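Quick notes on the structure that follows.
Just so you know, all these numbers are worked out from the coordinates, no wet-lab data involved. Note that this is a predicted model, so its numbers are computed, not measured. Every residue, glycine among them, receives a Cβ derived from its backbone with ideal geometry; neighbour counts consider all protein chains shown.
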Amino acid sequence: MGTNYYMMIKDKELVTKYFDNEYELTDSPYFGYEVHIMKLSYGWKPLFEWHGNAYKSVEDMLKFLEFHRMDIEIFDEYGKQYTIEGLKEEFTSHVNREPKYMKHIPEGIPNHIFGGRDYLVESTEDDYDIKMPYDHVEYHKLDPYSERRYIDESREPLYFHDKDGYDFTKECFA
């Protein structure tokens with residue numbers, strides 16, 4: 001569970017130039033073209049959707065939004081509107097939380113409350129494998145059973161970092 005953030009664009013020429021085959025036609029919050037920006041989920045770093053024709057980093061995304069501020073509005077999936085600065089506050093506050101240090105237990109330990117097994121347990125700063133909020137790239141390196149490490153047979157990674165270490169994916173969000 002998390003919150004998705006979108007650009008809303010009315011200009012078809014703009015959306016096809018920068019986001020060809022990466023948008024959806026929608027009528028909510030108004031009729032226009034919806035382009036996914038990112039998803040925020042508790043316990044995870046923000047996950048940005050890659051739009052290589054428009055930008056290739058979070059820094060470039062913010063510049064793109066600023067340059068096109070007259071043509072683009074930003075909304076979350078619940079209809080709340082954001083300024084560019086408000087969007088930036090959303091993801092930076094999400095990243096800047098106090099970290100929890102987690103140890104990976106490959107065989108897992110029984111979860112007596114919810115059933116199943118836990119593979120990550122809270123640990124200490126001196127003995128951990130990954131920090132929470134989880135980095136998507138690092139998390140999938142720890143999980144040898146993950147079937148979702150790659151986008152396709154070309155072995156293109158499902159998750160990767162931009163130049164500043166933000167998590168990106170080229171996969172479409174549902």
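Points worth noting:
- Zone of residue 141's modelled label, taken as backbone nitrogen in the stretch 17-59 under 17 Å from a point 7 Å along Cα→Cβ: 45
- For volume of the Cα convex hull per residue in Å³, the value computed from the atomic coordinates appears in the list (1) 123; (2) 171; (3) 143 under label (3).
- Near the amide H of residue 37, within less than 5 Å, lie the amide hydrogens of 5, 6, 7, all on another chain or at least 5 residues away, with H placed in the peptide plane.
- Karplus 3J(HN,Hα) series, Hz, for the stretch 27-44 with 6.51 cos²θ - 1.76 cosθ + 1.60 (x for Gly, Pro): 10, 9, x, 7, 5, x, 10, 9, 10, 5, 9, 6, 10, 10, 10, 4, x, 10
- Treating r as the C-beta distance of residue 118 and residue 172 and R0 as 25 Å, the FRET efficiency rounds to 0.25.
- Principal-axis tilt of helix 84-95 within the chain, Cα atoms, nearest 10 degrees: 10 degrees
- Charge dipole magnitude, Cβ of K and R +1, D and E -1 - the chain, Cα centre, debye nearest 20: 20 debye
- Residue order for 15, 137, fewest other beta carbons within 10 angstrom first, comes to 137, 15.
- Distance between the C-alpha centres of the stretch 80-115 and the stretch 1-73: 22 Å, rounded to the whole angstrom.
- Available extension along the chain between residue 84 and residue 69 is 4.6 nm, counting 0.36 nm per residue and deducting the alpha carbon span.
- For a label point 7 Å along the Cα-to-beta-carbon line of residue 12, residues of the stretch 21-53 with backbone N under 17 Å: 21-27, 31-35
- Greater than 29 Å apart at Cα, pairs in 17/170; 63/170; 12/80; 12/45: 12/45
- Principal-axis tilt of helix 58-67 within the chain, Cα atoms, nearest 10 degrees: 20 degrees
- Note on the chain: helix-only mean residue ellipticity at 222 nm, from DSSP H runs of 4+ residues weighted -39500 (n - 2.57) and normalised by residue number, equals -6000 deg cm²/dmol.
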